Amino acid sequence: MTKIVNHWIGGRTAEGASGTFGPVTDPATGAVTTKVAFASADEVDAAVAAAKEAFATWGQSSLAQRTSILFKFRALLDAHRDEIAELITAEHGKVHSDALGEVARGLEIVDLACGINVQLKGELSTQVAHRVDVAAIRQPLGVVAGITPFNFPAMVPMWMFPLAIATGNTFVLKPSEKDPSASIRIAELLAEAGLPDGVFNVVHGDKVAVDRLLEHPDVKAVSFVGSTPIARHIHTTASANGKRVQALGGAKNHMLVLPDADLDAAADAAVSAAYGSAGERCMAISAVVAVGAIGDELVDKIRERAEKIKIGPGNDPTSEMGPLITKVHRDKVASYVEGAAAEGCEVVLDGSAYTYEGAGFEDGHWIGISLLDKVPTSAKAYQDEIFGPVLCVLRAQTYEEGIALINASPFGNGTAIFTRDGGAARRFQLEVEAGMVGVNVPIPVPVGYHSFGGWKDSLFGDHHIYGNDGTHFYTRGKVVTTRWPDPADAPAGVDLGFPRNH
């Protein structure tokens, strides 16, 4: 019997009423294992209504109450991390260790939310004028929404909702319809932790559900992570409807390798960052820029390491890389490799025809490791975000040529430099046009108390996600000016002049 994933509204399961369902496949076998209910506009409205009703009390609740629930949720999430990782592997395909790592990174933001008291401290200036004090405070927005991608079905929602509910908002999540089960299990754990009904809701679906959230008058803010075209649409549409928006888009992350770099360390980093999670992450290194005469040696070292990667089902503990999320995506990724030579690339490794040998896995969404060298910037494999295990190597004669190449990209999510030269590294971190920079660190995802976000076409909106920016995004500032008269004061009388501060 096929499993059905329904919505979570008002603290309980809500069976899909639209009559529309989407298939969820096991990427390792290609078999449809689950059906997910797609929400109608009315069902989205029901979730928003539940969140709005809950906000009336949750928005007035004490910080102690909110954080005590989050502490209980954190303990439950930690206890059930293996279970959640298994759900991710079953629907996304990533290997179990990678799925566990995803849950661990999400826990970082739960930790941050548990200590939100410090970030919500206001400011007070006393005696700014005679018996006048000024205080600055931050208050929640109301109902906020999160729209999250398939590649991190647990981590990216946890980049959003812990801070949102810790700051007093209520939340409606629209996760990816490709791997929805983790979001429902998280909702159950939040309820078990004591979160009041309606504070956290989940609706599944497609464009119908997304567009209703973007236009709903009771949704005050929208967080999004996904591709650049959709991020641009989310930002434009939600902003036009008067909402606060943070929309994180796609990427083409470059790693600049200088001639003085430790090439073994650089090759290890390039392989790990390009092929981890089968390249299905926005912080993957998808372009290595080799400077000077090191290109051939670096490519050889990358090839040697890449050829040893073991590809197999995510639940096989010996697998290092799993299949891609869908067959359509697998075929699209393969097309970039199949057309690379005609565009002037040197195909060092071609994984487009890879198949996994094993009974029952013949229809899995398998693809192997691909490595393209001497890639021209005009090639589609360089211009597009492939979101698969394809690494492009470009050549540059100088540092200046390399950084000019990187800065010409329309994307500006993350980047890295590998060098032993501190001066070059310092120059790079100041000159490169990207929101997150690694120095001998290939994937510079910030820890939870710093914010994550890119530049250019990798971010639409003014706020990065989580960290201090996350707290500010989910709250709005208010300044209160107060004068309390002393009982001994004589009546001040009427004064129509401009208020005086002294």
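Filtered by the rule that a residue be buried (at least 18 other Cβ atoms within 10 Å of the Cβ), assigned to a loop (DSSP other than H, G, I, E, B) and aliphatic (A, V, I, L, M), the stretch 302-330 gives LEU324, ILE325.
May I ask you to say which residue of PHE418, PHE428, PHE473 is under 16 Å from the mean Cα position of the chain (by Cα), of a type outside the set (Ser, Thr, Tyr), at pLDDT 95 or above and surrounded by 21 or more Cβ atoms within 10 Å (Cβ to Cβ)?
Working: PHE418 fails: under 16 Å from the mean Cα position of the chain (by Cα); PHE428 fails: under 16 Å from the mean Cα position of the chain (by Cα).
Among PHE418, PHE428, PHE473, only PHE473 is under 16 Å from the mean Cα position of the chain (by Cα), of a type outside the set (Ser, Thr, Tyr), at pLDDT 95 or above and surrounded by 21 or more Cβ atoms within 10 Å (Cβ to Cβ).
Contact annotation: residue pairs with Cβ atoms under 8 Å, 6 or more positions apart or on different chains, pairing a residue in the stretch 5-18 that is under 14 Å from SER183 (Cα atoms) and of a type in the set (D, E, K, R) with a partner that is part of a loop (DSSP other than H, G, I, E, B) and open to solvent by 30 Å² or more (accessible area, probe 1.4 Å), are ARG12/ASP197. Within the stretch 448-468, being open to solvent by less than 60 Å² (accessible area, probe 1.4 Å), touching a residue at least 24 places away in the same chain (Cβ under 8 Å) and either closer than 16 Å to GLU108 by Cα or not hydrophobic (A, V, I, L, M, F, W, C) (or both) holds for GLY448, PHE452, GLY453, GLY454, ASP457, SER458, GLY461, HIS463, HIS464, ILE465, TYR466, GLY467. The requirement of being open to solvent by 10 Å² or more (accessible area, probe 1.4 Å), under 30 Å from PHE460 (Cβ atoms) and not in a helix (DSSP H, G or I) is satisfied by PHE387. Among the residues here, LYS301 does not qualify as out of contact with any Ser or Thr (no Cβ under 8 Å at 6 or more places or on another chain), at pLDDT 95 or above, farther than 27 Å from VAL437 by Cβ and of a type in the set (D, E, K, R). Quick check on ALA238: is it in contact with an Asp or Glu (Cβ under 9 Å, 6 or more places away or on another chain), part of a helix (DSSP H, G or I) and either at pLDDT below 95 or surrounded by 22 or more Cβ atoms within 10 Å (Cβ to Cβ) (or both)? For ALA238, the condition - in contact with an Asp or Glu (Cβ under 9 Å, 6 or more places away or on another chain), part of a helix (DSSP H, G or I) and either at pLDDT below 95 or surrounded by 22 or more Cβ atoms within 10 Å (Cβ to Cβ) (or both) - is met.
Cβ-Cβ distances below 6 Å connect the following pairs, each with a first residue in the stretch 340-352 that is without any contact (Cβ under 8 Å) to a residue 24 or more places away in the chain, a second residue that is open to solvent by 60 Å² or more (accessible area, probe 1.4 Å), and a separation of six or more residues or different chains: SER352/GLU338.
The residues of the stretch 110-147 that are touching a residue at least 60 places away in the same chain (Cβ under 8 Å), open to solvent by 10 Å² or more (accessible area, probe 1.4 Å) and assigned to a loop (DSSP other than H, G, I, E, B), listed by number, are LEU120, HIS130, ARG131, LEU141.
Quick check on this structure: which one of GLU192, GLU177 is out of contact with any helix residue (DSSP H, G or I) (no Cβ under 7 Å at 6 or more places or on another chain), of a type in the set (D, E, K, R) and surrounded by fewer than 24 Cβ atoms within 10 Å (Cβ to Cβ)? Give the derivation first.
Numbers: GLU192 fails: out of contact with any helix residue (DSSP H, G or I) (no Cβ under 7 Å at 6 or more places or on another chain).
Testing whether each residue is out of contact with any helix residue (DSSP H, G or I) (no Cβ under 7 Å at 6 or more places or on another chain), of a type in the set (D, E, K, R) and surrounded by fewer than 24 Cβ atoms within 10 Å (Cβ to Cβ) leaves just GLU177.
For the stretch 74-98, residues that are closer than 20 Å to VAL447 by Cβ and among the hydrophobic types (A, V, I, L, M, F, W, C) total 1. Considering the stretch 16-72, and only residues there that are in a strand (DSSP E or B) and open to solvent by 40 Å² or more (accessible area, probe 1.4 Å), the residue that is nearest to GLU192 (Cα to Cα) turns out to be LYS35.
The values are calculated or read from the model by the stated rules, or taken from the named source; none is laboratory data. Nothing here was measured: the structure is a model prediction, and the numbers come from that model. Reconstructed Cβ throughout: ideal geometry from the backbone, glycine too, with neighbour counts over all protein chains shown. With ligands, DNA and RNA removed, areas are computed over all heavy atoms of the protein, side chains included. Shrake-Rupley method; radii C 1.70, N 1.55, O 1.52, S 1.80 Å.
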